[in-house]
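Here the structure is laid out as structure tokens; the discussion comes afterwards.
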């Protein structure tokens with residue numbers, strides 16, 4: 001199973017782009033890298049820890065023993081320790097399994113899993129996910145016509161509309177980096193999502209382009225960028241990291257067209273899979289990633305439901321304060 005979260009690529013980006021030192025810890029008989037997150041909230045300086053991409057063993061007693069060691073080692077040193085478990089619950093083709101009964105079954109399955117993990121390992125379901133509960137993977141070994149046919153009807157129509165409207169597709173050049181950022185910043189303000197500061201964006205683009213670890217893909221009309229993606233290259237995988245689509249050009253299918261052309265270009269460049277990254281857990285209609293997930297699922301591929309993120313509480317009082325802070329912040 002592909003695991004970006006514990007890859008050398010992500011480890012390098014954490015340090016080179018975001019300036020976060022990583023540390024190594026042994027857990028469940030494996031070496032994982034973890035990070036420290038420090039934030040000032042009112043008069044408090046908070047500290048919390050994260051390990052994303054953990055594989056949880058099936059031996060309950062062993063897991064309990066290992067987590068107790070983690071609690072003992074970090075007790076009094078922070079608020080909580082978040083673990084992102086990449087164990088697979090189930091995977092399925094996005095072209096099928098769309099019935100309401102299936103969604104309800106998935107909802108109940110996840111609730112039962114969360115109840116089991118919290119009851120047996122004294123964990124809390126993460127109130128702020130830093131690793132999504134699901135991923136969408138596209139098999140790039142297929143020809144263009146099959147890639148389109150495995151999308152849903154609406155996505156197919158938008159791709160064909162983008163082709164008919166003669167949208168331009170390509171990799172952004174250095175002269176377009178500023179325009180790419182400005183467009184995404186403007187759209188983020190309208191849609192209410194956060195983006196990384198420009199300094200980090202510059203470091204990210206410099207790191208991935210100079211080391212052949214990724215690039216920016218754009219679709220445009222009359223030289224204006226109307227949608228864009230930042231992607232990473234990790235061995236056989238091309239990974240979709242960030243993106244945007246200008247609603248002003250929504251009627252020409254720019255974002256669906258961009259993804260389709262990116263799939264085709266990546267396949268021709270030798271990549272086997274495209275990881276579209278995070279989606280909402282199936283059945284959770286009020287999840288913050290629901291609309292994002294619906295777009296990604298419309299492109300076909302396989303959806304992989306993972307265990308998701310859980311917290312080990314190290315300081316109960318500060319954990320409540322931290323949780324309340326993020327709830328009030330919206």
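The values are calculated or read from the model by the stated rules, or taken from the named source; none is laboratory data. Keep in mind it's a predicted model, so treat the numbers as computed, not measured. So basically every Cβ, Gly included, is an ideal-geometry build from the backbone, and we count neighbours across all protein chains shown.
From (1) in the same structural domain as residue 180 (by TED's automatic domain parsing); (2) buried (at least 21 other Cβ atoms within 10 Å of the Cβ); (3) modelled with pLDDT under 95, pick out the condition that doesn't hold for residue 250.
Checking residue 250 against (1) in the same structural domain as residue 180 (by TED's automatic domain parsing); (2) buried (at least 21 other Cβ atoms within 10 Å of the Cβ); (3) modelled with pLDDT under 95, the one that fails is (2).
Can you name every residue in segment 37-53 that is touching a residue at least 40 places away in the same chain (Cβ under 8 Å) and under 18 Å from residue 12 (Cα atoms)?
Listed by number, the residues that qualify are 50, 52, 53.
Given 164, 152, which one is surrounded by 13 or more Cβ atoms within 10 Å (Cβ to Cβ) and at pLDDT below 95?
It is 152.
Quick test for you: out of 8, 14, pick the one residue that is exposed (fewer than 15 other Cβ atoms within 10 Å of the Cβ) and more than 20 Å from residue 279 (Cβ to Cβ).
8
Looking at segment 268-283, can you tell me whether even one residue there is in contact with a helix residue (DSSP H, G or I) (Cβ under 6 Å, 6 or more places away or on another chain) and free of Cβ contacts under 8 Å to residues at least 40 places away in the same chain?
No, segment 268-283 has no match at all.
Just for segment 182-206: of the residues that are surrounded by 16 or more Cβ atoms within 10 Å (Cβ to Cβ) and modelled with pLDDT of 95 or more, which one is farthest from residue 260 (Cα to Cα)?
Among them, the one singled out is 203.
Given the conditions (1) touching a strand residue (DSSP E or B) at 6+ places or on another chain (Cβ under 8 Å); (2) without any contact (Cβ under 8 Å) to a residue 40 or more places away in the chain, which single one is not true for residue 183?
Of everything listed in (1) touching a strand residue (DSSP E or B) at 6+ places or on another chain (Cβ under 8 Å); (2) without any contact (Cβ under 8 Å) to a residue 40 or more places away in the chain, residue 183 misses just condition (2).
Just a yes or no: is a residue in segment 115-126 over 25 Å from residue 150 (Cβ atoms), assigned by TED's automatic domain parsing to the domain that holds residue 322, under 20 Å from the mean Cα position of the chain (by Cα) and surrounded by 15 or more Cβ atoms within 10 Å (Cβ to Cβ)?
Within segment 115-126, one or more residues are over 25 Å from residue 150 (Cβ atoms), assigned by TED's automatic domain parsing to the domain that holds residue 322, under 20 Å from the mean Cα position of the chain (by Cα) and surrounded by 15 or more Cβ atoms within 10 Å (Cβ to Cβ).
If we only count strands (runs of 3 or more DSSP E) wholly inside segment 128-231, which ones have 3 or more residues that are within 19 Å of the chain's Cα centre (by Cα) and closer than 30 Å to residue 55 by Cα?
It comes to 134-139.
Based on what the data block shows, is residue 300 in contact with a helix residue (DSSP H, G or I) (Cβ under 8 Å, 6 or more places away or on another chain), farther than 28 Å from residue 116 by Cα and in a loop (DSSP other than H, G, I, E, B)?
yes
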